[in-house]
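Input: a single structure, listed below in structure tokens.
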Amino acid sequence: MKIAIGCDHGGVNLKEYIKAYLGESGIEYTDFGTDAETPADYPDIAEKVSTAVRNEDFDRGILICGTGIGMSIAANKVAGIRAAHVTDTYSARMARQHNNAQIICLGERITGQDLGLEIVKAYLGEEFAGGRHERRVSKIMEIEERNINGVKI
Ligand code: RB5
């Protein structure tokens with residue numbers, strides 16, 4: 001499994017904690033930034049990670065900002081991406097099992113390091129259940145297709 005991971009300046013510590021786990025576990029990852037010295041706008045990192053995941057260069061993505069909210073909003077603007085903002089392990093499992101989310105978004109200022117890591121483990125350990133959920137996920141993507149062009153908001 002190949003993971004794309006990224007954060008803004010609000011998520012550097014949790015990202016490093018998660019990277020340490022990925023490294024120890026032999027899980028391949030690429031870090032799309034930012035680092036401790038370089039403030040970054042979360043939409044820029046979200047777009048990089050989401051595009052890489054959407055292009056299937058990576059199996060899953062992990063995005064971290066202060067709350068997880070900005071990252072999730074931005075990631076979901078990349079066509080084809082389903083990014084779930086999660087703050088608990090049950091939601092992390094369901095994000096994969098029911099929603100087939102390719103990306104989870106965490107908030108370092110909301111979620112502590114140990115819980116954040118448990119969320120990541122729960123998410124990476126789950127697979128999409130398919131079946132009735134396939135139909136529902138397809139409907140999500142149909143909404144995207146109906147709205148992607150020429151919509152004034
Ligand atoms: C940065 O200060 C903060 O706004 C960002 O990390 C994130 O929480 C946005 O949703």
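Read-outs: derived from the displayed coordinates by stated rules, not from any lab. If you're wondering where the values come from, they're calculated on a predicted model, not measured in any experiment. As a convention, Cβ positions derive from the backbone with ideal geometry for all residues, glycine included, and neighbour counts pool all protein chains shown.
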GluC sites (Glu not before Pro) restricted to the range 1-57 and DSSP loop, no more than 13 other C-beta within 10 Å:
Glu37, Glu56
Whole-angstrom Cα spans of the range 1-105 along principal axes, big to small
37, 31, 27
Met1 to Glu145: extension gain in nm, 0.36 nm per residue of separation minus the Cα-Cα distance?
49.0 nm
Sorting Val53, Ala83, Tyr17 by the position of each Cα along the dipole of the range 1-86 (Lys, Arg +1; Asp, Glu -1; all at Cβ), the one nearest the positive end of that ordering is Ala83
Write down the percent of antiparallel bridges among all DSSP beta bridges whose residues are both part of the range 1-129, to the nearest 5.
0 percent
So, how do all the Cα-to-Cα distances of the range 64-153 break down into 5 Å bins, in percent, from 0 on up?
3, 15, 22, 22, 18, 11, 7, 2, 0
When the dipole is taken about the Cα centre of the chain, and only Lys, Arg (+1) and Asp, Glu (-1) are charged at their Cβ, what size is it in debye, to the nearest 20?
760 debye
What FRET efficiency do you get for Glu37 and Lys121 if R0 is 41 Å and r is their Cβ-Cβ distance, rounded to the nearest 0.05?
0.90
How many lysine pairs does the chain hold where the Cα atoms are under 16 Å apart and the two sit 8 or more places apart or on different chains?
9
Going toward the positive end of the dipole of the chain, with +1 on Lys and Arg Cβ and -1 on Asp and Glu Cβ, which of Val137, Gly107, Gly26 do you reach last?
Val137
About the Cα centre, charge dipole magnitude for the range 1-62 (Lys/Arg +1, Asp/Glu -1 at Cβ), debye:
200 debye
